[in-house]
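I have placed the structure first, in the form of structure tokens, so that the comments after it can refer back to it.
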Amino acid sequence: MRIRLSILVWTILAAALTPALAEKRVALVIGNSDYQNVAPLTNPSNDAAAISSVLTKAGFDVVDTKSNLSGIEMKRSLREFGNKVRDADVAVIYYAGHGIELEGTNYLIPVDAKLEIDTDVLDEAFPLDRFIVAADPAKQLRLVILDACRDNPFNKTMKRTIGSRTVTRGLAKVEPTNPNTLVAFAAKAGSTASDGEGKNSPFATALVKHMTKPGLDLRKAFGFVRDDVLKATSNKQEPFVYGSLGGNDVSLVPAVAVVPAAAPQADANAALRRDYELAERVGTREAWDYFIAAHPDSFYAKLAQAQRNKLAAEEARLAATEKAKTAQEEQARLALEGAKRAEQAKAAAEAKAAEHARVAAEQAKKAEDARLEAERAKAVAKAKSTEDAKAAAKDTSKDSSKEARKEETKVAALTPDQSVPKADAPVMVADIPKQLQIELRRVGCNTAATSDTWTPSAQKAMELFNKNAGMKLDVKVASADSLDAVKSKQGRICPLICEHGYKADGERCTRITCRAGYEVGDDNACEKIEVKKKPAPPVAKRDEAPGQTKAASTKPSAAASSGQIFCDGGGCRPVRKGCRISSGTNAPGSSSVGGGAMMPREICD
């Protein structure tokens with residue numbers, strides 16, 4: 001029974017927090033609380049933060065969260081969001097703050113609006129249609145949610161240019177012209193909504209509870225919201241939805257089919273491991289809470305608690321950082337405006353306190369990181385010492401080979417297979433350098449052999465990853481953050497570099513082949529082969545006989561030379577002093593060869 005409950009809980013949680021793969025969903029969330037010319041509102045900023053959180057956890061691709069927007073900022077936000085909607089399937093806009101209805105048209109009010117006379121509404125506020133237009137490009141669903149039906153103080157102070165011009169309570173009903181468009185009011189037309197006595201308004205509280213339930217049709221979800229708000233306000237406030245959808249169910253979070261519970265698992269530890277891995281993939285405090293509640297006595301419980309504490313510390317750090325930034329900006333503003341010395345001193349003290357809180361939150365975050373790594377190491381040691389861990393390792397390794405038998409002593413959940421790294425498996429601190437090198441090799445940044453230590457070649461691989469991934473991770477130390485960052489990348493990050501004469505072909509280098517008459521050049525391109533000309537044979541001088549070479553003509557002679565060269569059938573030699581060469585047919589001293597031309601002869605007097 002416990003296993004079935006666990007499967008059901010995790011299936012629902014995964015469905016609620018995992019985005020649909022085939023859809024792009026975007027959202028704009030606005031909370032206007034700090035109005036400058038009327039009393040501020042308590043909850044809109046809180047409501048916007050709650051809605052933003054639930055949409056983010058529901059896996060929306062874009063969640064733009066804005067607070068206390070002026071007129072210019074609201075215009076810019078709508079324009080930027082409209083650009084993001086162009087390729088989206090689902091667009092959601094949530095607005096909490098003041099709204100006003102003027103002669104049948106609804107307007108949403110930025111925090112710097114004055115609205116001294118009724119016509120100022122046209123210049124200083126934004127018609128509801130402008131919000132609907134921003135969501136129009138979405139292909140499947142356009143949803144505008146307005147928690148803006150509060151009792152509006154502008155109505156009481158606004159002067160009327162025409163006595164008959166009506167400015168009524170709440171908002172006027174609307175009829176969207178485009179199909180698959182819904183406009184949800186916190187209270188039906190003509191009535192006002194409660195800001196709530198708690199942290200959030202009744203309407204926002206109900207939305208957080210029902211809006212992102214997996215597979216729940218929006219019409220039914222808003223029906224549940226209506227019931228909750230009526231109950232919370234003693235039937236004084238009734239939310240209302242305008243627009244229409246088709247016959248198919250339309251939900252913000254698609255349903256995931258629940259696999260019927262099978263027979264009890266033979267290996268209970270395998271189910272525990274799967275639950276842990278799922279919680280780590282979801283990565284929220286709620287997910288860890290579910291895991292701890294389902295497996296309070298398991299050896300993963302303390303590790304899961306450390307994971308949860310790390311998330312809480314990170315959230316506290318971000319909040320402290322934002323508060324410190326706000327305090328510093330306020331201090332700078334007062335100094336720039338020349339405020340009273342006491343006000344500046346107070347702002348300086350608040351800024352200093354906020355900075356101390358930020359530093360403390362940073363230190364707490366580092367401490368939780370260290371505790372998490374320590375708990376990981378303890379969990380690995382404990383897992384290796386239990387028979388359950390050995391059974392889990394055997395269950396994941398059915399290969400009967402020698403390598404498989406070696407792996408029986410490892411815990412599959414905490415020590416991932418070295419050849420196939422898993423992005424969602426916990427890693428021991430001592431294993432991080434080697435695991436990081438393996439991941440760098442997977443994304444194409446590491447070509448050296450892996451080592452148990454963080455080597456200079458590994459640091460160079462990390463530098464290549466930073467360069468090609470556009471990140472600034474520490475290259476001197478192999479950290480868990482760096483490992484998570486590399487694991488999150490799918491496919492090759494660093495380009496494949498091949499030797500000269502080879503080219504990248506997918507994940508391997510192949511030899512470059514050129515057609516006949518071409519060869520691979522210095523830039524790895526095929527270039528035409530240049531044919532080198534043979535040198536011309538030497539030309540004999542006028543006083544040299546045909547076939548005579550310089551080497552022959554300068555051959556030394558034992559006898560004195562007359563300076564002439566004589567060549568006959570036996571070769572060439574200098575003419576002896578006092579002798580001459582005969583030439584020409586029938587010349588004295590000539591002899592015929594085969595009855596043909598006369599060969600020259602050396603004649604001495």
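All of the numbers you see were taken from the coordinates with simple rules; none came from a lab. Treat the numbers as computed from the prediction; the structure is a model and nothing was measured. Positions of Cβ are generated from backbone atoms using ideal geometry, with glycine treated the same way; all protein chains shown enter the neighbour counts.
Quick check on the range 94-109. Is at least one of its residues touching a residue at least 12 places away in the same chain (Cβ under 8 Å), surrounded by fewer than 16 Cβ atoms within 10 Å (Cβ to Cβ) and not in a loop (DSSP other than H, G, I, E, B)?
No, that holds for no residue.
Just checking, which of Glu355, Glu314, Glu337 is surrounded by 13 or more Cβ atoms within 10 Å (Cβ to Cβ) and more than 30 Å from Ala377 (Cα to Cα)?
Only one candidate passes the filter, namely Glu355.
Please enumerate the residues belonging to the range 170-183 that are surrounded by fewer than 23 Cβ atoms within 10 Å (Cβ to Cβ), of a type outside the set (D, E, K, R) and in contact (Cβ under 8 Å) with a residue 24 or more places away in the chain.
If the condition is that a residue be surrounded by fewer than 23 Cβ atoms within 10 Å (Cβ to Cβ), of a type outside the set (D, E, K, R) and in contact (Cβ under 8 Å) with a residue 24 or more places away in the chain, then Ala172, Val174, Pro176, Asn178, Pro179, Asn180, Thr181, Leu182 are the ones that fit.
Residues being closer than 19 Å to Cys498 by Cα, of a type in the set (A, V, I, L, M) and assigned to a helix (DSSP H, G or I): count how many of those fall in the range 444-481.
Qualifying residue count, the range 444-481: 2.
What number of residues within the range 110-134 satisfy the criterion of being in contact (Cβ under 8 Å) with a residue 24 or more places away in the chain, surrounded by fewer than 16 Cβ atoms within 10 Å (Cβ to Cβ) and part of a strand (DSSP E or B)?
Total meeting the criteria: 1.
Which condition number in (1) farther than 27 Å from Gln307 by Cα; (2) in contact (Cβ under 8 Å) with a residue 40 or more places away in the chain is the one that Lys489 fails?
For Lys489, the exception is condition (1).
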